[in-house]
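**Q** This is the structure I want to talk about, given as structure tokens.
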Amino acid sequence: MANSFSKIRPTFFGGVLVVSFLVVITVGTLIAVVCRIEGFSGLTWNEWTAIRFTFFQSFVSAAISVLLAIPVSRAFFRQDFIGRNILITLLGAPFILPVIVAILGLILVFGSKGILSQLMGFSAFSIYGVHGVILAHVFFNLPLATRLLLQGWNSISSEQFRLGQSLSFSPLNFFMHLELPMLCRVVPGVFLIIFLICTTSFAVALTLGGGPKATTVELAIYQAFRFDFNLSRVAILSVIQLLMCGLIAVLSIWIAFPAHYEGGLDRVRPIATTGKILDFIFIACAAIFLILPLAMILIRGSGSLFLLPQSVMFSALRSILVSLAATGLATVMTLYLASLIVYYSKAYEIFGYLPIAASPLVLGTGLYIIFYNFIDPGKMALPSAIVINAIMCIPFSLRIITPAFKDLEDSFGRLADSLNLIGWSRFRWLIWPRLKGPIGFSAGLSAALSMGDLGVIVLFSNPNHSTLPMEIYRLMTAYRMDEAFGAALLLLVLSISLFWIFDKGGRKNAIT
Amino acid sequence: MKILLSVFFALVTVSVACAKPTLTVYAPDYFTSEWGPGPKIKQEFEKICDCDLLYISGDLMPRLMIEGKRTKADVVIGLNTDVTFKARKLGIFEAHKQDTSSLSIPIKWNDKIFLPFDWSHTAFIYDNTKLKNPPQSFDELLNSKDDIKIIIQDPRTSISGLALVLWVKSIYGSKSEEAFTKLASKVLTVTKGWSESYGMFTQGEADMVLSYTTSPAYHIIAENDKSKSAAIFSEGHYFFTELAAMTNSSKEPKLAKEFMSFILSDTFQRMIPTGNWSFPSNLARDKLPEEFINLPMPQKVLFYTEEDAQKYRDIVIQEWLTAFQK
């Protein structure tokens, strides 16, 4: 698209601005931490074990999530039934739960006194161990993988299916000619993003892994930071984490198979007739696995939901505001970055993944070191929560928006160029109408994620400006477990609602 | 949105700027939260000091280490003896000049810098309706044939987890690694912090949880639930105290000193039992709530000075890791 270079220069500048911002925030904060280092030393054996375990569990969790998501998303794509959209929305919920709530939800189902062992009576089964870590990570990430793959299936236009039908394609033919190329294109990116999420997990890994055997690099960073306050360890470990993520990122972008589908005329796609029963079995299994822990939180929390103190309500309001601001920021930044990737070079994609590879702790510490001299960190609590949440959402938004953006430009770009449709009008008349769906979905996800994130705020917290996840932790540290569950339920409901509003808003009159 | 926020913050700044002198207190998040003792302490102190008390909450040690001598804190509250070695080395604290000869804590206290405001011991909490014969000693717990499952906190990420490994060290000395190996077989899982552990325990996930001897008081007083008890071990329990200190860079040294003596006053001390769910450090026993007086207490108290705690912590964490990774 070199010919459109002159036409979209503002976009280029915007994109470069976003890239520089991401680099400053992620790498800059790391440098700020590195500047405080007093000495270096090699890795200890414990840290090596942590690196090995992190790599192993992330790889397996990502692989299983993606493998399971393929039949589930295919089933959702092929079948239409009452409640399909609601189910798809609900399935997104595990991904946006705050960690501590998700752990308790999983334990209520799979724990030693959970409903599973009570129903089936097999007390020999224990969730704690490597399989527990993987189970939890699949619980978190299967929904995301399913949604992202579903988007992939939707990118195959209905004309191609009709063409296949008229050529009497067998299911195998359909798979080889239409579905496999799509999977080759989409799966590496989905795998990458889940791998990255799993690398930075640590409370889940530790708790469900049953102890220090399940130590991840992020835990080692936390320990070095909070307990030893050894910034050189923090820096070394963060660099290792970045390298590990970078390696996988480069691999997955390199492997991704560039498949392109001609744009269709947005006709209704034919409903599949074969394999209906199998499809519904996949949908049912995924739904039970994902919804059961949520249902337990609902049951556990509904008793105290309406007895929550006023301050919790205020913190919920604050969380919503933070979340909306972060969503706006994330969406704008993602669109600029996505244009950079689509119009200029795929290589820019790597910058979009920087935020998840960076440790939130390092981010927070770096920002603190940078800002401490200028501003009272207590006043920075909410603004920094907004900025950090926004950049943490970019990898996900980018994953959702870029492929659709690319398809759209491949299909309609030349037509738009010939009409001299550039700048704002190109966005208004071409990009927005056709990208509404993905933008809505990514905004919904960002909103929900920003609601649930504790937000790095260990250093920036301000007792009077707490967010809802912080209140949940505070209730728990004050022994008030019932109210904590009530607040968790409130958070769950709010997150899902925000997600649903954006997602639905995007799909309304949307073309894709 | 951003404009709204900046207006809001500007208002906050203005309102702070025109007011009386401000005492800045760094405190842990749980302390300043609405359910912690912080808000009431602020209210009572402001009645007598003609000043504003401003809490800054969050992780104390990382913050103090970053800020060093440039810290804005006048007073820091909520440190404990397992980390004070490092805090003292920062050289940012000033002697508190309070009389500590008659504190109501079970050990002698003559630290000139750090002043205890509450105390408790680490202990395992169990449900007395389910566990009828709790172990009477640490030994009995480690060697018991019963299938007792415990949830503990990670000493690498949690202060109570660190207290546990030091507790084991203070009982078993050179045989601590063997003790950890036995303990590992009883441990259901290890969590990052106290909240996750305690949450899982109250869900009925495990028989015992690592917490404090004063934890049952919460259930008795706030929930009228007498089913939670602390298992009292004959070897003794590890002493746990939280401390306050004033900084030498304080711009309000007089106020800071006033706050230090306020900490030892009856007003402050009476707020601790039901505010922080622990024993106050300077309150006559008969002024405690009845439920606290009746709590079963260990005969013997184990304690490492900060030098010893510093000396042992890395060794003992490594022993713990080795045993738990087997």
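Read-outs: derived from the displayed coordinates by stated rules, not from any lab. Everything numeric in this text was worked out from a predicted model, so none of it was measured. All Cβ positions, glycine included, derive from the backbone under ideal geometry; neighbour counts span all protein chains shown.
**Q** Please turn the phi angles of the stretch B:51-66 into ³J(HN,Hα) values with the Karplus equation 6.51 cos²θ - 1.76 cosθ + 1.60 (θ = phi - 60°), one per residue in order, whole Hz, x for glycine and proline.
**A** 8, 10, 9, 10, 8, 10, 9, x, 5, 6, 4, x, 5, 5, 5, 5
**Q** Would you mind working out the magnitude of the charge dipole of chain A relative to its Cα centre, with +1 at each Lys and Arg C-beta and -1 at each Asp and Glu C-beta, to the nearest 20 Debye?
**A** Here the size comes out at about 660 debye.
**Q** Okay, next question. Any idea how far apart B:Lys40 and A:Val27 come out in nm if each label point goes 7 Å out from Cα toward Cβ?
**A** Taking the two extended label points, one gets 5.3 nm.
**Q** Can you tell me what share of the DSSP beta bridges in the protein assembly as shown is antiparallel? A percent to the nearest 5 is fine.
**A** Of the beta bridges lying entirely in the protein assembly as shown, close to 60 percent run antiparallel.
**Q** Suppose each label sits 7 Å from its Cα in the direction of the beta carbon; what would the B:Asp266-A:Cys35 distance come out to in nanometres?
**A** Using points 7 Å along Cα→Cβ, the separation is 5.3 nm.
**Q** Would you list A:His177, B:His96, A:His465 from fewest to most Cβ contacts within 10 Å?
**A** If I rank by nearby Cβ atoms, fewest first, I get A:His177, A:His465, B:His96.
**Q** Would you mind giving the mean number of other chain beta-carbons within 10 Å of the Cβ of each residue in A:210-218, as a whole number?
**A** Mean shielding count: 5.
**Q** About the Cα centre of the stretch B:177-326, what is the dipole size in debye to 20, counting +1 per Lys and Arg Cβ and -1 per Asp and Glu Cβ, all else neutral?
**A** 180
**Q** I'd like the Karplus ³J(HN,Hα) series for the stretch B:200-213: coefficients 6.51, -1.76, 1.60, θ = phi - 60°, whole numbers in Hz, and an x wherever there's a Gly or Pro.
**A** Going residue by residue, I get 5, 5, 5, 7, x, 6, 9, 7, 9, 9, 6, 8, 10, 4 Hz, with x marking Gly and Pro.
**Q** Right, another one. To make sure I understand the rule: partners must be aspartates and glutamates, Cα under 13 Å from the Cα of B:Lys186, and not fewer than 8 residues away in the same chain. Which ones qualify?
**A** B:Asp139, B:Glu140, B:Asp146, B:Asp147, B:Asp207
**Q** Can you give the net charge of the other residues whose Cβ lies under 12 Å from the Cβ of B:Ser278, counting K and R as +1 and D and E as -1?
**A** Summing Lys and Arg as +1 and Asp and Glu as -1 gives -2.
**Q** May I pose another question? What is the mean number of Cβ atoms from other protein chains located within 10 Å of the Cβ atom of each residue in peptide A:108-114, rounded to a whole number?
**A** Average neighbour count from other chains, rounded to a whole number: 4.
**Q** How tilted is helix B:159-172 with respect to the longest principal axis of chain B? Cα atoms for both, answer in degrees (0 to 90, nearest 10).
**A** Taking Cα atoms only, the helix is inclined about 40 degrees.
**Q** What is the set of long-range amide H partners of B:Gly78 at a cut-off below 5 Å, with H atoms built 1.01 Å from backbone N?
**A** B:Leu243, B:Ala244
**Q** A further question follows. Arranged from highest to lowest average of other beta-carbon atoms within 10 Å per residue, in what order do the peptides B:276-288, A:354-366, B:135-147 appear?
**A** The peptides rank, most packed first, as A:354-366, B:276-288, B:135-147.
**Q** Which value, in debye to the nearest 20, gives the size of the charge dipole of the stretch A:319-465 about its Cα centre, when Lys and Arg are +1 and Asp and Glu are -1 at the Cβ?
**A** The calculated dipole for the stretch A:319-465 is roughly 280 debye.
**Q** In whole Hz, with x marking every Gly and Pro, tabulate ³J(HN,Hα) for the stretch A:229-239 from phi via Karplus 6.51 cos²θ - 1.76 cosθ + 1.60, θ = phi - 60°.
**A** 6, 10, 5, 5, 5, 4, 5, 4, 5, 5, 5
**Q** Something else now. Would you please give the residues with an amide H less than 5 Å from that of B:Thr191, counting only those at least 5 places away or on a separate chain, with H modeled from the backbone geometry?
**A** B:Ile152, B:Gln153, B:Asp154
**Q** Taking the simple approach of a point 7 Å from Cα along Cα-to-Cβ for both A:Val239 and B:Thr181, what is their distance in nm?
**A** Here the answer is 3.8 nm between the modelled labels.
**Q** I would also like to ask the following. Give the cross-link partners of B:Lys251 among the lysines, using a straight C-alpha distance below 22 Å as the criterion and excluding same-chain residues fewer than 8 apart.
**A** Qualifying lysines at Cα under 22 Å: A:Lys379, B:Lys20, B:Lys42, B:Lys47, B:Lys69, B:Lys72, B:Lys89, B:Lys97, B:Lys112.
**Q** Please check which bits of the stretch A:190-230 a label hung off A:His131 would reach, taking the label as a point 7 Å along Cα-to-C-beta and the cut-off as backbone N under 20 Å.
**A** A:204-215
**Q** Can you tell which of A:Gly486, B:Ser176, A:Ser450 lies farthest toward the positive end of the dipole of the protein assembly as shown, using +1 and -1 charges on the Cβ of basic and acidic side chains (Lys, Arg; Asp, Glu)?
**A** Farthest towards the positive pole: A:Ser450.
**Q** Of A:Asn173, A:Trp153, A:Ala205, which is farthest towards the positive pole of the stretch A:147-226's charge dipole, taken about the Cα centre with +1 and -1 on the beta-carbons of Lys, Arg and Asp, Glu respectively?
**A** A:Ala205
**Q** Per-residue mean of other chain beta-carbon atoms within 10 angstrom of the beta-carbon, peptide B:26-38?
**A** 5
**Q** Now for a separate question. Residues with beta-carbon under 11 Å from that of A:Gly275, excluding A:Gly275: net charge, scoring Lys, Arg +1 and Asp, Glu -1?
**A** Overall, the nearby charge balance is +2.
**Q** Multiplying the sequence separation of A:Arg428 and A:Leu116 by 0.36 nm and subtracting their Cα-Cα distance, what value in nm do you get?
**A** That pair, A:Arg428 and A:Leu116, stretches by 107.2 nm at full extension.
**Q** Here's another thing I want to ask about it. Which of the listed residues, B:Trp277, B:Ile48, B:Ala206, is farthest toward the dipole's positive end in chain B, when Lys, Arg count +1 and Asp, Glu count -1 at the beta-carbon?
**A** B:Ile48
**Q** Of the beta bridges DSSP finds with both residues in chain B, what % are antiparallel, to the nearest 5?
**A** 60
**Q** Now a separate question. Which of the lysines could a cross-linker bridge to B:Lys192, judged by Cα under 19 Å and excluding same-chain residues fewer than eight apart?
**A** Partners found: A:Lys213, B:Lys149.
**Q** Can you give the local net charge around A:Glu349? Use residues other than it whose beta-carbon is closer than 14 angstrom to its beta-carbon, Lys and Arg +1, Asp and Glu -1.
**A** Net charge around A:Glu349: +4.
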